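Structure first, then comments.
The values are calculated or read from the model by the stated rules, or taken from the named source; none is laboratory data. The model shown is predicted, which means the values in this text are computed figures rather than measured ones. Quick reminder, even Gly has a Cβ in these numbers, built from the backbone with ideal geometry, and neighbours come from all protein chains shown. Just the protein is used for accessible areas: all its heavy atoms, side chains included, with ligands, DNA and RNA removed. Shrake-Rupley method; radii C 1.70, N 1.55, O 1.52, S 1.80 Å.
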Amino acid sequence: QVQLVESGGGLVQPGGSLRLSCAASGNIFSFDVMGWYRQAPGNEREWVAIITSGGSTNSAGSVKGRFTISRDNAKNTVYLQMNSLKPDDTGVYYCYARRTTATYWGQGTQVTVSA
């Protein structure tokens, strides 16, 4: 059973930074891609960023230049570095991991950007 555990969320002021972590229970090389979605209250889940097993990355236009996704294979962990945070970045951030046959989700971590 694959488990993804997110951490690092919290309350931060506009312009601040947070780093989210997603620790996987297995070798992350077994996943074709890993990434992050987020969901604000009353909104649909929104894709944020992705990293492939080969290390290629991409991110949504709304976070490009502010958020960076990375991975530490030795720790089986994917990170989301979030800088220059805005109130619109508020929401629950979910880590996901995908293989050909299945997609796995973490439980989510709350990020609140407010003065």
In the full protein assembly as shown, how much of residue 88 is accessible to a 1.4 Å probe, in Å² to the nearest 10?
130 Å²
Provide the solvent-accessible area of residue 98, counting protein heavy atoms only and rolling a 1.4 Å probe, rounded to the nearest 10 Å².
90 Å²
Give the shape of region 5-46 as rounded, prolate or oblate, defined through the alpha-carbon gyration tensor: a ≥ b ≥ c are the square roots of its eigenvalues, a/c under 1.5 means rounded, and otherwise the shape is prolate if a/b is larger than b/c and oblate if not.
oblate
Step through the residues of region 47-60 one at a time and calculate ³J(HN,Hα) from phi using the Karplus curve (6.51 cos²θ - 1.76 cosθ + 1.60, θ = phi - 60°), rounding each to whole Hz and writing x for Gly and Pro.
5, 10, 7, 9, 9, 8, 5, x, x, 6, 10, 7, 8, 5
Once both labels are modelled 7 Å past Cα along the beta-carbon direction, what's the residue 5-residue 52 spacing in nm?
3.1 nm
Å² per residue, accessible surface of the chain at 1.4 Å:
51 Å²
Whenever you get a sec, compute what percent of the accessible area on the chain sits on carbon and sulfur atoms (1.4 Å probe).
46 percent
Using θ = phi - 60° and Karplus 6.51 cos²θ - 1.76 cosθ + 1.60, couplings along region 87-101 (whole Hz; Gly, Pro as x)
x, 5, 7, 4, x, 8, 9, 10, 8, 9, 9, 10, 10, 4, 9
Tabulate in residue order the Karplus-calculated ³J(HN,Hα) for region 14-31, using 6.51 cos²θ - 1.76 cosθ + 1.60 with θ = phi - 60°, rounded to whole Hz; enter x for Gly and Pro.
x, x, x, 10, 9, 10, 8, 10, 9, 9, 9, 7, x, 5, 5, 5, 6, 9
Need one word for region 59-110: rounded, prolate or oblate. Basis is the Cα gyration tensor (sqrt eigenvalues a ≥ b ≥ c); a/c below 1.5 gives rounded, then a/b vs b/c decides.
prolate
